[in-house]
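Step one of this worksheet: look at the structure below.
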Amino acid sequence: MKRIRIDEKYCMGCRLCEVHCIVQHSKTKNILKTYMGECSKPAPRIFVEEKGYVTFALQCRHCEDAPCLDACMTGAMYRDKETGAVLCSEDKCVGCWMCIMVCPFGVISRSSDKKIASKCDLCMGEDMPVCVKNCPNEALKYEDSKD
Amino acid sequence: MAKRPTPTEFIVERDKDRCIACQVCVRMCSNDVHIYDADTNTVTSDNSKCVGCHFCETLCPTDAITIKKNESSFKPNANWSVSVISDITKQAETGGVILTGMGCDKPYTIYWDHILLNASQVTNPSIDPLREPMELRRYIGRKPDKIELDYNKKGKIELKTMLEKQLKLEVPIMFSAMSYGSVSLNTCISLAKASHELGIFYNTGEGGLHKSLYKYGKNTIIQIASGRFGVHPEYLRTGAAIEIKIGQGAKPGIGGHLPGEKVSKEVSEARMIPEGTDAISPAPHHDIYSIEDLRQLIHALKEATDYEKPVGVKIAAVHNVVPIASGVARAGADYIAIDGMRGGTGAAPKVIRDNVGIPIEFAIAAVDARLREEGIRTKVSLIAAGGFRSSGDVIKAIALGADAVYIATSALIALGCSQCQKCYTGKCNWGIATQDPYLTKRLNPEIGVQRLKNLIRAWSLEIKDMLGGMGINSIDSLCGNRTHLRGIGLSDRELEILGIKSAGEPQ
Amino acid sequence: MRHSEQEKLISGCSVAGIMNESGRKISGEAIIRSIAVMRERSNGLGGGFSAYGIYPKFKNYFAFHMMYDDKKAMADAEGYLKTNYRVVKSEEIPTIEDKSIKNRPLLWRYFVELKDKVKNLYYDLTEEDIVVNDVMKINAEIEGAFVTSSGKNMGIFKGIGYPEDIGRYYKLEEYRAYIWIAHGRFPTNSVGWWGGAHPFGLLNWSVVHNGEISSYGINKRYLENFGYRCSLFTDTEVILYLFDLLVRKHKLPFDIVCKIIDAPLWEEIDRNGDDEERELLKTLRIIYSSALINGPFSIIISDGNIMMGLNDRVKLRPLVSLKDGDTVYMATEECAIREVCKSKKEIYYSKSSEPIIGKLKN
């Protein structure tokens, strides 16, 4: 199962991952239109944390024992059988924010335009999540998780 | 008196139609050129701070930024150029020496660009390196004039000669001295690991050896310079060879200066000096005031390492480089590294960098010729350094007489360096010439190693192609083979010193 | 007449060699016929022969074959020779009258020995070293004089023309030798100097060469390190001096010399499972990297004891051989051997860097 891994030693804190995450989840997937044309651009699903010199990008860990799955009352949060990723089904989500409450990493947020939860979906359909693809220092990696 | 601002060198051009105010440039610029205004959600620039390193331009996701040279400012004047006026202004204000980084950027003749290579036609078939073997291996070190053989009782030949320790190079290119301190640890790791994987060597400079680098000892040339920073028995034992640094092409005749800001805790440990203090290496070695002193140090180092390591000497190419090199060879050096005036530096007075020394082309040609005249060329290997830009420069240096070349500036460019010449500020945005932990992490050694390996691989392929064209299948047959070189646009005197004929003259 | 521009000579060629390993002598007729069938590989601008065992009466004296442009050159060279050597015999080299042979120089030979006072003066040098120095001095400094060969009981006969015409001109069918080596030349420029033809000789050495050496520049500079002056600007000269240095001065056997000038690839050395042999080959390459001969060549070389044929590292020039009883034949093309050898045996195509050796039995 492939997961996104961050090597914080080489995370420069440029936040290009956030920019590309936003673009990827926008309507047009065009960077200029996303930022300047669309009425509301999506919230990023990857967050660069900074403390002193240390910076690192964090997104949903797709936990094996995911509290958000248990907390979801509509069954909108589900585990993708093929990839094992934890995903949120937009039609079922009612915006109760329980998942946000229970997430130990704080990587689920409210969608900017709809009343639904927004979280990392590993850019399903792409070869590689765009944050990994566009990390200029290869601090983000998309690899098979060892455990 | 009103202070006159120094002229702005660069203009940051920001395409308003493309800027999405993502602030990547704001976060990344160590010189604080880019400013974000939250009220208007726009980014503006302070052009006066821009050093032209192009880091922001590289990262900008919408290509909104272009760094341009500032064309305006002063009335054009061949004598009083912008940089001259700017230097005088700075000196009038500070009373100090103008510092700079990297190699001489003045338009002196680059002789590599006036030398042309040969190729075979009809009488001698060229060799296709894709289909035929092509050898680039070289050995650096002292060699005897002849081999001694013996026959055992069965009549089988036995080797009597015990060769002195040699450095085996799979490609005749090495990474020249850059100290940990002047460059970041990630730069050192990239160079060390790439050398290990390529079968070549990198050089510690006078920065000592960080504990994480000991494992690359077999591919390390450890340097001993006038400051003796970081020199201790284990350091001597760890390297594959020892290099006594007498001079550097960028600043012949003066010592080194690593400002205290760059002496972090780890740098201080590697160099064995207090944290935060300036590391100033003296102009001469204070135990080498003559050639016989050098001889003693060479032999002391050999004694200290049980004659297991070649001891080389690095000198800057100066007017007297020929007799100096001859003396160094006679003093017992296993190799002589000659650094030409276009060689780089982490920090040097600009006036010295731009006015002292001679180009490596003349130095290597003259030294090789003299050592041959004196019959001692086989006793010592020659390494040329100082501004090698391409495989073409490398192969020409080898044909002039170098056994191998040292590259450093081109290695740094491979790692991202854009030659902004601000290494001495310690604010290198590319994470190369800095110790700021926020900046050093920008050079991921995994990427660094790959890029360095790619560069050397690319140059090796090109060298093989050129060798094959000349009908040669081993670099051994090109080393010192000046019949494959021709000069173009050079005076008779220059051709004579380079020891080559003019284009148009047959062999 | 001499090639005075300092310019390297390039030429294509045919080579042939015949050796009787028992020392039985044969007339020059065979080698002339052998080289003649490869006529189209030369263009009339150079041919020559070397012959071993031709002066049994004078076998203890150095036989100097000389070419002179004129009487003055002859007087100068003889004056120089007589200061260092006792001349036991001097004569014109016999030739036929042939109008097709142009620009012939004066051709003389001398049988000489070193004077004792000269040997005493240069007590640190061997006789051979002194002869080499004198040959280099005459060739470089005496205008219009050239030493064609300087060995014992051997001589080189060469000139401008097709090799068979040169052979007839020198009446080689009247000489008897146990080693004959021949060369037909196809230079790419028209140099009309007789000394520039091949074989090239020094002391007992003679060598013929087909090819163009791309390592010439470094081989030449390497030899200069050891006092050799390469004044003829030919590959053949450089090859011969390398053999002289390695065999005579460094005292290395022929097979080791082949591992130097025709060094095995590093890849092969690395793969060699015999530790001692690997170390030996590696050390040879490290010490003698500048003596590696690169580029296409096939050569036949002899010192009077051994006749060896050798190809470059990737076999870019032809060389075939055949051993019939105690006679060894080598040539650029098979036809040259078939012409003079009645044996039906298959011709041998040697591999790259593989020496073919004929050796005199005691």
Evaluate peptide A:11-19: per residue, the Cβ atoms of other protein chains within 10 Å of its Cβ; return the mean as an integer.
-> 6
Sorted by chain and number, the residues with a modelled amide H under 5 Å from that of B:Ile472, at a separation of 5 or more or across chains, are B:Ile127
Per the rule of 0.36 nm per residue minus the C-alpha distance, extending B:Asn79 to B:Ile98 adds in nm 5.0 nm
C versus B: buried accessible surface, summed, Å² (probe 1.4 Å, to nearest 100) | 3800
Which whole-number percent is the relative contact order of chain A (Cα, under 8 Å, 6+ apart)?
-> 32
Considering protein heavy atoms only and a 1.4 Å probe radius, which residues within segment B:393-440 exhibit an accessible-area decrease of no less than 30 Å² in the full assembly relative to the chain by itself?
-> B:Pro437, B:Tyr438
Chain B: relative contact order in percent, alpha carbon pairs under 8 Å with at least 6 residues between | 19
For segment C:11-359, what is one quarter of the convex hull surface built on the Cα atoms, given in nm²?
-> 17.5
In segment B:142-280, taking the dipole from +1 charges on Lys and Arg beta carbons and -1 charges on Asp and Glu beta carbons about the Cα centre, the listed residue (B:Gly255, B:His232, B:Asn186) farthest towards the positive end is B:His232
Given +1 on the Cβ of Lys and Arg, -1 on the Cβ of Asp and Glu, and no further charges, what dipole in debye does chain A carry about its Cα centre, rounded to the nearest 20?
-> 380
Tilt relative to chain B, helix B:82-94 - C-alpha long axis, 0 to 90 degrees, to 10 | 70
extent check for segment A:40-147: Cα max minus min per principal axis, descending, whole Å, gives 40, 30, 25
Work out, step by step, the length gained on full extension between B:Ile88 and B:Glu269: first 0.36 nm times the residue separation, then minus their alpha carbon distance; give nm to one decimal.
-> 61.3 nm
Apply the Karplus parameterisation 6.51 cos²θ - 1.76 cosθ + 1.60, with θ equal to phi minus 60°, to every residue of segment A:87-96 and state each ³J(HN,Hα) to the nearest whole Hz, in sequence, with x for glycine and proline.
-> 10, 10, 7, 4, 6, 8, 5, 10, x, 7
Using modelled backbone amide H atoms (1.01 Å from N, in-plane), which distant-in-sequence or interchain residues come within less than 5 Å of C:Asp324's amide H?
-> C:Tyr329
Given charges of +1 on the Cβ of Lys and Arg and -1 on the Cβ of Asp and Glu, with all other atoms neutral, how large is the dipole of chain B about its Cα centre, in debye to the nearest 20?
-> 620
Scalar couplings 3J(HN,Hα) for segment B:205-211 by Karplus 6.51 cos²θ - 1.76 cosθ + 1.60 (θ = phi - 60°), nearest whole Hz, x for Gly and Pro, are x, 9, x, x, 10, 5, 4
Mark the label point 7 Å from the Cα of B:Arg4 along Cα→Cβ and return the residues of segment B:78-105 whose backbone N is within less than 16 Å of it.
-> B:78-95
Between segment B:131-153 and segment B:301-329, what's the alpha-carbon centroid distance in Å?
-> 22
Total charge dipole magnitude, the protein assembly as shown, about the Cα centre, Cβ charges on Lys, Arg, Asp, Glu only, Debye to nearest 20 = 480
Return the sequence-ordered ³J(HN,Hα) values of segment C:111-116 in whole Hz as given by the Karplus equation 6.51 cos²θ - 1.76 cosθ + 1.60 applied to θ = phi - 60°, using x for Gly and Pro.
-> 10, 9, 9, 5, 6, 4
Based on alpha-carbon positions alone, could you give the equivalent ellipsoid semi-axes of segment B:10-96 from the gyration tensor, as √(5λ), descending, whole Å?
-> 30, 15, 11
Which of rounded, prolate, oblate describes segment B:149-502, given a ≥ b ≥ c as roots of the alpha-carbon gyration tensor eigenvalues and a/c under 1.5 marking rounded, otherwise prolate only if a/b is larger than b/c?
-> rounded
State the answer as a single residue: which of C:Tyr348, C:Leu202, C:Val37 lies farthest towards the positive end of the charge dipole of chain C, with beta carbon charges of +1 for Lys and Arg and -1 for Asp and Glu, about the Cα centre.
-> C:Val37
Mind giving me the FRET efficiency for B:Glu373 and B:Gln507? R0 is 25 Å, r the Cβ-Cβ distance, nearest 0.05 is fine.
-> 0.70
Which angle from 0 to 90°, rounded to the nearest 10, does the C-alpha axis of helix B:185-198 make with the longest principal axis of chain B?
-> 30
Which helices pass in chain C if a helix is a full DSSP H run, must span at least 30 angstrom along its long axis by Cα, and must have mean Kyte-Doolittle hydropathy not below -1.0?
-> none
Ordered by packing density, taken as the mean number of other Cβ atoms within 10 Å over each peptide's residues, highest first, how do B:214-225, C:128-139, A:61-72, C:97-108 rank?
-> B:214-225, C:128-139, A:61-72, C:97-108
0 to 90° range, to nearest 10: angle between helix B:321-330 axis and chain B longest Cα axis | 50
Under 5 Å between amide H atoms, partner at least 5 residues away or on a different chain: which partners does B:Asp105 have, H built in plane at 1.01 Å?
-> none
Share of segment C:11-359's accessible area from carbon and sulfur, percent, 1.4 Å?
-> 48
Report the Cys residues of chain B lacking a disulfide-compatible partner, meaning no second Cys Cβ under 4.7 Å from their Cβ.
-> B:Cys19, B:Cys22, B:Cys29, B:Cys50, B:Cys60, B:Cys104, B:Cys188, B:Cys417, B:Cys423, B:Cys428, B:Cys479
Modelled FRET efficiency - R0 22 Å, B:Arg330 with B:Lys160, Cβ distances, 0.05 increments = 0.30
Contact order relative to length for chain C, counting C-alpha pairs under 8 Å separated by 6 or more residues, stands in percent at 26
For segment C:171-287, what is the per residue volume of the convex hull drawn over the alpha-carbon atoms, in cubic angstrom?
-> 151
So for the pair B:Asp287, C:Lys72, with labels modelled 7 Å out along Cα→Cβ, what separation do we get in nm?
-> 6.6
Cβ-Cβ FRET estimate between B:Glu148 and C:Glu346, R0 fixed at 30 Å, reported to 0.05 | 0.15
Per residue value of the accessible surface for segment B:10-96 (all protein chains in place, 1.4 Å probe), Å² | 56
Average accessible area per residue (Å²) across segment B:149-502 - probe 1.4 Å, nucleic acids and ligands excluded | 35
Short version: what are the Cα gyration tensor semi-axes of the protein assembly as shown, square root of 5 times each eigenvalue, largest first, in whole Å?
-> 70, 33, 26
Take every residue in peptide A:93-99, count the Cβ atoms of other chains within 10 Å of its Cβ, and give the average of those counts.
-> 0
Per residue in segment B:463-506, which ones lose no less than 30 Å² of accessible surface when going from chain alone to all protein chains (1.4 Å probe)?
-> B:Asn473, B:Asp476, B:Ser477, B:Asn481, B:Pro506
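The values are calculated or read from the model by the stated rules, or taken from the named source; none is laboratory data. Remember, predicted model here, so these are calculated numbers, not experimental data. Heads up, the Cβs are rebuilt from the backbone with ideal geometry, glycines too, and the neighbour counts pull from every protein chain shown. Keep in mind that these areas ignore ligands, DNA and RNA; they rest on the heavy atoms of the full protein, side chains included. Shrake-Rupley method; radii C 1.70, N 1.55, O 1.52, S 1.80 Å.
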